[in-house]
Every structure is written in structure tokens, then in C-alpha cells.
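The numbers here are math on the coordinates, done by the rules we state, and not lab data. If you're wondering where the values come from, they're calculated on a predicted model, not measured in any experiment. Glycine gets a Cβ as well: all are built from the backbone with ideal geometry, and neighbour counts include every protein chain shown.
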Amino acid sequence: MTERVGQQDPGRIPPMPAQPPQLGPVPQASSSGHPPRWAWWVIGIVVPVLGTAATMLATSAREGASPPPAAGVTAPAGTAGAAAASTPAASASPSKSATPSVGPLAPAPGTPSASPSAPAGPDLTAPAGYRAQQGRWGIAPPPCGETLLVDLDAGVSTSVKVKYAGEGATAEQTAPAELEYRPDGFGCGNPGEAPTYVKLMSTTGRQVGVLRAGQPQTYEGCRAAAGTGFGPVQLGGSAARERGIVKGAALCSVTDGGSVAMALIEDYSSEYTPAVSGRLIVWSKG
């Protein structure tokens, strides 16, 4: 077959269109039957957005579904209302800073410690018709040839001379006193020398006794202890310890003025001629 070379037959050339066709992408149906590629892009964006919106709606519904129960109403166990009831109301207001607990506060100055091993201290409560006063008292070993008288109404100790070593004061001298502290005649030499032993005793006609360490230091306790009696006892030795005259105890007396005096033993040396001192509490009438 031979082809014709040259100008084609004008009658066979189609006519030119009046306006050229507009170029642009023309969607083509996939010949394989699958959605076009742009459809997967749209699905990839829409699905996460819908999931986020659904999560937010579900959270809002849970938060507003169970309001906290009213005062005095207990929500059933295992419900959101029970959890809300156990949550402090203060959590609604945000805190500026979280401060760690520093423990119990420590005690105020002058207040006794609450430790179980620490003594409670004297109770100054006064019965009707009485008032409590505080002061100090103390005794020190007098030299041979002297004796020491203690007036517990005022906490005053007075040294009195005697004729012989180990001799006591006269009844007139001891009239205002409750206690006498004097050298023991045994082991005491010339006047003015330091005694080897000293003994403590109540003066004639006075009610004096020992309120043992650990006992309640109250008016009632001291008044009862004063009635137990108080004979001469050598201080600094085993006899004094057996009688309860140790640090932490108290000497109690009904004074010549009708008061109840409690002489606390707070400072006590362990020598055979000890010095003793402490607070003095007097419940006096008026």
C-alpha cells in the first residue's frame, strides 16, 4: 500500500473550534475501582478530628454527671459521689505554694514539756479561801557550834549559835520555824569547824513529811504528806534515800500560820553534808 505524501485533502481536515478548550485537571475515575488518592487525604484529617471531639465530649459528660453529695449524705461506695465526698473542699482553691510539714510545733517558753518522762510540775491550784505564792528556799551545812532554822512561811533560813557542838536550838528560837538543819555531834570538833555529818529534822510541834518524787505536787497531796511525820534523818546517806529525800521530792509542812508549804528538792548534792534548795510554794489563807 502506498501512502500519499504532500498536502492532505482539505475536505478531510476537521474545522478549528471557535474558542480553544480550557485546560485543567479533569477528575478521572480510577480504572481499578479504588477511591482516588485525594479521598485518603481527607479521611486522614477528618477521623482524628472526630476522635478528639468525641473524647472531649465524653470527659465533660463524666465531670458534670455526678455532683458532690450534700452535707450529711453519704454516697454509695465505688461511685464518683463517694470520691468527691472524701476530697477536701479546699482543693477547689489553688494553693500558691506547697510547704512541707515541719512537724509538730515545738512548746512555748516557760511551758513544761509534754514528754511522758518529764515531771508534770507543781499544780498551783488553791482551794477556796487560799491563795498560792511562789518563792525559793535553801539550806547549807552550818559549822559546828551553830544550827540552821528554816521558816517555810517565808522561805527564810536563820543561823543560830549553840553552846555545844551538835546541840539544838531552844524552843523559843524554833517557835517560827518548821525545819532545823544542824551538825551531828558525832564527828563534830571545835566550834567553827566544818561538820562531818549533818541531820535534818522538824521542829517541835510541826507537821512535816516527805512528798515522794513522782507523786502529784498539789495542795491536797502536800497536805496529806505533811501528816506523815518527819523525824531526824542524816542527809547525804542511805537513810535519807530510804526516807525519800532525793532530787524530785518535796518537804511538806503545815506551818505555824496555818499555811501549807511545799519545799521542792530541785538541787541536791550527793555529799554527806549536802546543800539543798529549790522552789517554795505556799498555800496561805486569805
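Spin-label model, residue 196/residue 172: points 7 Å from Cα along the beta carbon direction are separated by 3.4 nm.
Over all pairs of different C-alpha atoms in the range 166-241, the reciprocal of the mean inverse distance, the Kirkwood hydrodynamic radius, equals 14.0 Å. Protection proxy ranking, highest mean first, for peptides 270-280, 175-185: 175-185, 270-280, where packing is the per-residue count of other beta-carbon atoms within 10 Å, averaged. Globularity index of the range 130-285 is 0.98 (Cα radius of gyration / 2.2 N^0.38 Å, N = number of residues).
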